[in-house]
1. Under the classification rounded if a/c is under 1.5, otherwise prolate if a/b is larger than b/c and oblate if not, where does the range A:6-89 fall, given a ≥ b ≥ c as square roots of the Cα gyration tensor eigenvalues?
2. Provide the net charge surrounding residue B:69, with neighbours chosen by a C-beta distance below 14 Å and charges set as Lys +1, Arg +1, Asp -1, Glu -1.
3. Which of B:79, B:287, B:105 sits closest to the plus end of the dipole of the protein assembly as shown, meaning its Cα is farthest towards the positive end, when Lys and Arg get +1 and Asp and Glu get -1 on the C-beta?
4. I'd like the chymotrypsin sites (Phe, Trp or Tyr not before Pro) in the range B:359-436 restricted to DSSP loop residues with at most 12 other Cβ atoms within 10 Å, sorted by number.
5. Given the peptides A:100-113, B:173-186, arrange them by the average over their residues of other C-beta atoms within 10 Å, most packed first.
6. Given an 8 Å cut-off on Cα distances and at least 6 residues of separation, report the relative contact order of the range A:79-229 as a percent.
7. Taking every DSSP beta bridge that has both residues in the protein assembly as shown, what percent is antiparallel when rounded to the nearest 5?
8. May I ask you to compute the full-extension gain from residue B:319 to residue B:194, defined as 0.36 nm times their residue separation minus their alpha-carbon distance, rounded to one decimal in nm?
Amino acid sequence: MNIVIVGATSAVAQSAIRIWAAGQHSFVLYGRNASELEKIAADARVRGAIEVTVHAGDIASVTYAQTAVANLSTTHIALIAHGSLTLSDRADTDTDYMASEINVNFTSAAAWAQLLANHMATHGGGSVAVISSVAGDRGRYSNHAYGAAKAGLSAYCSGLRARMWRRGVHVLTVKPGFIDTPMMAHVTKKGVLWATPEAIAQGIIRGIERKRNVVYLPKFWALILLAVKHVPESIFKRLKF
Amino acid sequence: MNPLSLDQPWGRGSAAVHKHHFAGDTPLPDSSWLPRGLGRSYGDVCVNDGGTLLHTFRQDRLIAFDTTTGVIECEAGASLADIAEVALRNGWFLPVTPGTRFVTVGGAIANDVHGKNHQHAGTFGRYVRSLTLRRSDSVSELKPGDALFSATVAGMGLTGLIERVRLQLIRVPGAGIVQQTKLFGRADALASVDEFLALEAASGDWPYTVGWIDTMHHRLRGVFFRGNHCRGDLAWHKPVPTTLALPIDMPGWLLRPWSAKAFNGAYFRAQSMNTAMQSELPLWQFFYPLDAVSAWNRAYGKRGFVQYQFVVPKAAARESVTQILTHLRTSNVASYLGVIKSFGDIRSPGLMSFPMPGVTVTVDIAAPAERELRALDRADAMVADVGGRVYPAKDSRMSSVMFKRFFPQWRELEALRDCNVSSSFWRRVTSDGSGK
């Protein structure tokens, strides 16, 4: 199969590439950091990937996404994994920052999803997996800007799924909780809520294989978010989490 | 695969405070840092209390694999688990492997690990074709023969950060192991060690040999294992994923001499009921039985454990092994999972490498208190008296005096140590010498 990864240097994307590589697929990887992409490509080849092409560029730019997808050949699976954990306090005072973060986390991700879904629809169908977040289920005190962008992305994917399923394209919304990425290593005492990037990647691959619509990873987040969504706003606004 | 805590060694039982940095982020920290892989070292060689740990877990990529020569190039944070899987698919395997595959290549070099095939293959460091070492003031590619290469192999991370490695693998027919087992130890302790050594000596065609011994039993009874690669089943190429995990720490009252006796006795009886002398099994099961349980170190409770491994030279082996183990038993030290094995005479390129021609014994001691620690100090002295040594990679308690008797060459490593690199272990064992 031909697999496209956007944001290939993210920890979850790298884990997914490793799992897929052993199954002898071909990859097209997009990311910002050329030298990191080359390392990931070499790693995938050693692990069994047939062909790996890398493209380094401004993946947060919609124009870049348009050109990239226009040049793609047949694609069976796409994983959109880029994103940026927005600092809420900075977004409070710096609206340029807030807008650019929403562009990365929402606009650009939605554009890639739309473009790749269109591309697959005209090339025999496929699966688009988009990494959103549990943070998108409700705007919270600690991550209003990030949560808003992910909420937009989840909503976009939900609509896109409805528009695309009759055209043979499966859209998977991935909602991970806390991920134990290297960036989070300063939290040395992690509770049971933390999952490894490998576990998230396995969940995504399973979701694609089983043509699921929305997956919470790990599953228990669905229950937590069910509770979070039902707290009355009058109480919710007083919670600092 | 996640360590329970980034601040503790695998043996737990100590509390340390670190700053955490990542290899690959430049520049290097400018004071007291220590490279750290997956933290599987039992003692404080992977701890740097009050300083910085430089984690290599983002530097874990495979770079190139020449499937005709069997040379694999990778970043130092790559795990032996990943290398073994990729290698096996192409008919190759690790030339030397420790008892867990969840260690990094960098860590395997830094501790110059050995395996069940030491007599035939030597240590891990012998298979390193080249490595890239980043020091506070330089980056260089080192080859066997370079002084800095010798100091880096078994150098416990102190010479700098290993970034990339080229490693020679070995050809294997498949993912299987033919294993034979035999019980030993019917007369007394001395005869038991003799019996084990005779079994090993009669296993020239078997690259892998090891013995499990019941160190709580007065006869030192045990089970001898030998193995060789075979084709095995195609389905064995992939290891069974680790799904078992110990969810809680074993309560301390369960970790007493009586329970160690019961545990060892149960293991021996299970083995003696297994009448099949020869079996074929996936190599994962043969090399890494404990990898099936993640966080198995919790079995030894919150207070952690010491894995005590010593080696004594060949000539003194049969008497001193018996003496030391009898000493530990009569001092009422609760020890689990005793392992005995001979080291061969293949030299390691590593300056501070642990193995020497002789016999090595490993025992796990849970939550050691004052009494156990004193008994181990006496055991250290017995090891030193016959010219043996204790394994630094597993140590958290040996005295500075003993360390310097075991490794008189430590000053050569100290001379080549990167001046900004340090570890809790190194400070402890060199404290009253000229070291930092």
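Since every read-out is calculated from the coordinates, none of them should be taken as a lab result. In this text the structure is predicted, and so the values were computed from the model without any measurement. Note that we place each Cβ from the backbone using ideal geometry, even for glycine, and neighbour counts take in every protein chain shown.
1. Values: a/c = 1.90, a/b = 1.32, b/c = 1.44.
Oblate, since a/c reaches 1.5 and b/c is not below a/b.
2. Values: positive: B:129, B:166, B:171; negative: B:66, B:73.
Once all neighbours under 14 Å are counted, the net charge is +1.
3. B:287
4. Numbers: sites: B:403, B:406, B:410, B:425, B:426; in loops: none.
Passing both the DSSP loop test and the Cβ count: no residue.
5. In decreasing order of mean packing, A:100-113, B:173-186 become A:100-113, B:173-186.
6. Values: 231 pairs, mean separation 34.0, N = 151.
About 22 percent, as a whole number.
7. On the way: 64 of 104 bridges.
The antiparallel fraction comes to roughly 60 percent.
8. Working: separation 125, 0.36 × 125 = 45.00 nm, distance 0.95 nm.
Full extension from residue B:319 to residue B:194 adds 44.0 nm.
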